[in-house]
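Have a look at the structure below, then the notes.
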Amino acid sequence: MPILSEARYENKMLKPERELPLREGESVIIEIKRPVTDQMYGILSTDKKTADTILEMEGLD
């Protein structure tokens, strides 16, 4: 069963935003997905906060 968690990349390491139910030394496979707003940065002439607001509007999912 997949575990979804946001993580932050700091000092060349991924740091999960929450504790993960993993055993010490356990190997996992990760899939990297950037938030849509990060993927669109520079394409739209707006700031990240406005882009987030637009994506949260009803009917855009």
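Table for the structure above
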| quantity | calculated |
| --- | --- |
| Selection status of K49, part of a helix (DSSP H, G or I), of a type in the set (D, E, K, R) and modelled with pLDDT of 75 or more | yes |
| The stretch 19-34 residues that are over 14 Å from I3 (Cα atoms) and hydrophobic (A, V, I, L, M, F, W, C), paired with ones that are exposed (fewer than 10 other Cβ atoms within 10 Å of the Cβ) and modelled with pLDDT of 95 or more (beta carbon under 9 Å, 6 or more apart) | none |
| Qualifying residues in the stretch 9-37 (those that are outside any loop (DSSP other than H, G, I, E, B) and not charged (D, E, K, R)) - the one farthest from the chain's Cα centre (by Cα) | M13 |
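The values are calculated or read from the model by the stated rules, or taken from the named source; none is laboratory data. Please read all numbers here as calculations on a predicted model, not as lab measurements. Don't worry about glycine lacking a Cβ; one is built from the backbone with ideal geometry, like all the others, and counts go over all protein chains shown.
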